[in-house]
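Notes for the one structure printed next.
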Amino acid sequence: PADQAYTTPLAIRVGDRDQIVSVGAYRAAAYDPQTGREIWRVGYRDGFSNVPRPVYGHGLVYIATGFNDPTLIAVRPDGAGDVTKTHIAWTVARGVPFTPSPILVGDELYMVSDIGVLSCLDARTGTTLYQARLPGNYSASPIFADGRLYFQSEEGVTTVVAPGKDFRRLATSRLDGAMLATMAVAGGAIFVRTDTHLY
């Protein structure tokens, strides 16, 4: 396996200090943005080519560990040094994505696996509140806009879901072409890029 990772670092505020959380192959770490010094790190034996970006909320950093066998780990970011054995609050191994990033809305963490399994977790405990099958395969990350969650499949289908502890599909729409890029929202409009058009 290769040692690369493709995830976007995340700036967070923990207590009175800033941290830059960077997810990499076999480990993730937080750095002091002023000095570049490592604050804490967490290791995972089987995780590389990481794509999902970390998510922060409820005093936890949520990290998807990547290929081959993805796990979602929730890490308390108030430690120092190697916190693998001391600061992982919970882990989930079922339905974890290789590619789409998780999204936190209120007290629930949502993730869709690359093959379309939508999971809603209690963000504090990692308890699975529901799982549902969405049509298609997924590379784009879900977004939350105007009180709704949007999940875009590679096949051009967007499924709109209500946030909450129970699965409620609000709408489904289809565009021609393949969708790999995450949609953007600005000025009250949604921008969607397919392999052939910008909508």
Subject >> Where the chain is the region considered: accessible area per residue in Å², 1.4 Å probe >> reply: 49 Å²
**OP:** Mind putting a number on the dipole of the chain about its Cα centre? Charges go on the C-beta only, +1 for Lys and Arg and -1 for Asp and Glu, and I need it in Debye to the nearest 20.
**Re:** 280 debye
**OP:** Mind jotting down the distance between the C-alpha centroids of the stretch 91-135 and the stretch 148-199, whole Å?
**Re:** 17 Å
**OP:** Give me the net charge of V160's neighbourhood, meaning all other residues with Cβ under 13 Å from the Cβ of V160; Lys, Arg count +1, Asp, Glu -1.
**Re:** +3
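Net charge around V83, counting only other residues with Cβ within less than 13 Å of its Cβ (Lys, Arg = +1; Asp, Glu = -1)?
That sum, taken over residues with Cβ under 13 Å, equals +1.
With the full set of protein chains in place, find how many percent of the accessible area of the chain is carbon and sulfur; take the probe as 1.4 Å.
The value for the chain is 50 percent carbon and sulfur by accessible area.
Using a cut-off of 11 Å between beta-carbons, work out the net charge of the residues near Y138 (Lys and Arg +1, Asp and Glu -1, Y138 not included).
Numbers: positive: none; negative: D114, E154, E155.
That works out to -3.
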Original post:
What residues qualify as long-range amide H neighbours of V55, i.e. H under 5 Å apart, gap of 5 or more or another chain, H built at 1.01 Å from N?
Top reply: Y62
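When the dipole is taken about the Cα centre of the stretch 1-96, and only Lys, Arg (+1) and Asp, Glu (-1) are charged at their Cβ, what size is it in debye, to the nearest 20?
Magnitude of the dipole: close to 140 debye.
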Subject >> trypsin sites (Lys or Arg not before Pro) lying in DSSP loop within the stretch 105-199, provided at most 13 other Cβ fall within 10 Å >> reply: K165, R168
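The values are calculated or read from the model by the stated rules, or taken from the named source; none is laboratory data. No experiment lies behind these values; they were computed from the predicted model shown. Cβ sites come from the backbone with ideal geometry, for glycine too, and all protein chains shown count toward neighbours. With ligands, DNA and RNA removed, areas are computed over all heavy atoms of the protein, side chains included. Shrake-Rupley method; radii C 1.70, N 1.55, O 1.52, S 1.80 Å.
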